[in-house]
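Data first, discussion second: the structure below is written as structure tokens.
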Amino acid sequence: MDILSVLFSQQRRRIGIIVPSVAISEKHMDATEITEHPVELGAPTSDHAYDRPAEVTMELGFASGGSLIDGIDTTEIFNVSTGLSLGTSPADVYQQLLEMKKSKKPFAVTTGKRQYQNMLIRAIEVLTDKTSENVLMTTLTLRELIITETQKVTTTPAENM
């Protein structure tokens with residue numbers, strides 16, 4: 001990777017404030033639940049169908065700090081002794097994802113196709129094998145939290161009817 005690619009790379013995908021190094025796949029699901037009951041001709045169908053929360057499954061990779069410039073090892077410049085860092089380690093990113101899941105606070109998710117609001121992490125799957133020891137390979141399943149707003153309405157007491 002050359003220095004210009006690092007400086008001008010535009011990462012579109014985000015999970016809250018976390019930006020993955022690579023998106024391997026994204027699977028979006030928007031479904032409508034339709035009741036089994038018959039609907040009278042001419043009756044509104046909105047009572048017989050409702051939208052399920054949106055769900056997205058993202059297979060992502062988070063890299064550990066590597067060399068910034070092809071052919072030159074810059075990892076010696078960015079280490080604990082110099083106080084400089086190339087970014088968050090895969091273990092730290094995994095911990096951040098676990099904390100986001102545990103907090104149950106809704107956040108925004110940006111994919112290559114769509115922007116989601118009020119999302120929660122439903123599941124985190126992590127794969128580590130001989131080829132992914134120093135990176136975080138994860139599959140996140142995120143689901144929309146449907147938030148409603150209610151109003152308090154004062155009615156006539158039953159004894160006055």
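The values are calculated or read from the model by the stated rules, or taken from the named source; none is laboratory data. Everything numeric here is computed off the predicted structure, so don't read it as measured data. Cβ: placed from backbone, ideal geometry, glycine included. Neighbour counts: every protein chain shown.
Select from segment 25-42 the residues that are within 22 Å of residue 125 (Cβ to Cβ) and aliphatic (A, V, I, L, M) and write down the one among them that is surrounded by the most Cβ atoms within 10 Å (Cβ to Cβ).
Top of the filtered list is 29.
When you look at residue 135, is it surrounded by fewer than 17 Cβ atoms within 10 Å (Cβ to Cβ) and touching a helix residue (DSSP H, G or I) at 6+ places or on another chain (Cβ under 7 Å), yes or no?
Judged against the criteria, residue 135 is not a match.
Would you confirm, using the coordinates I've provided, whether residue 61 is at pLDDT below 95, assigned to a strand (DSSP E or B) and closer than 17 Å to residue 139 by Cβ? Give the steps one after another, and end with the answer.
Numbers: at pLDDT below 95: yes; assigned to a strand (DSSP E or B): yes; closer than 17 Å to residue 139 by Cβ: yes.
Yes.
What are the residue pairs meeting all of these: first residue in segment 40-53, first residue over 16 Å from residue 146 (Cβ atoms), second residue part of a loop (DSSP other than H, G, I, E, B) and among the hydroxyl-bearing types (Ser, Thr, Tyr), Cβ atoms under 9 Å, and 6 or more apart or on different chains?
Every condition considered, the pairs that remain are 47/35; 48/35.
Of all the residues that make up segment 110-124, how many are over 10 Å from the mean Cα position of the chain (by Cα) and among the hydrophobic types (A, V, I, L, M, F, W, C)?
Going through segment 110-124 one residue at a time, the tally reaches 2.
Have a look at 43, 54, 49, 31 and point out the one that is among the small types (Gly, Ala, Ser), modelled with pLDDT of 95 or more and either farther than 28 Å from residue 139 by Cα or touching a strand residue (DSSP E or B) at 6+ places or on another chain (Cβ under 6 Å) (or both).
54
When segment 103-123 is examined, which residues are found to be among the polar types (S, T, N, Q) and either touching a Cys at 6+ places or on another chain (Cβ under 9 Å) or touching a residue at least 60 places away in the same chain (Cβ under 8 Å) (or both)?
Within segment 103-123, 110, 111 qualify.
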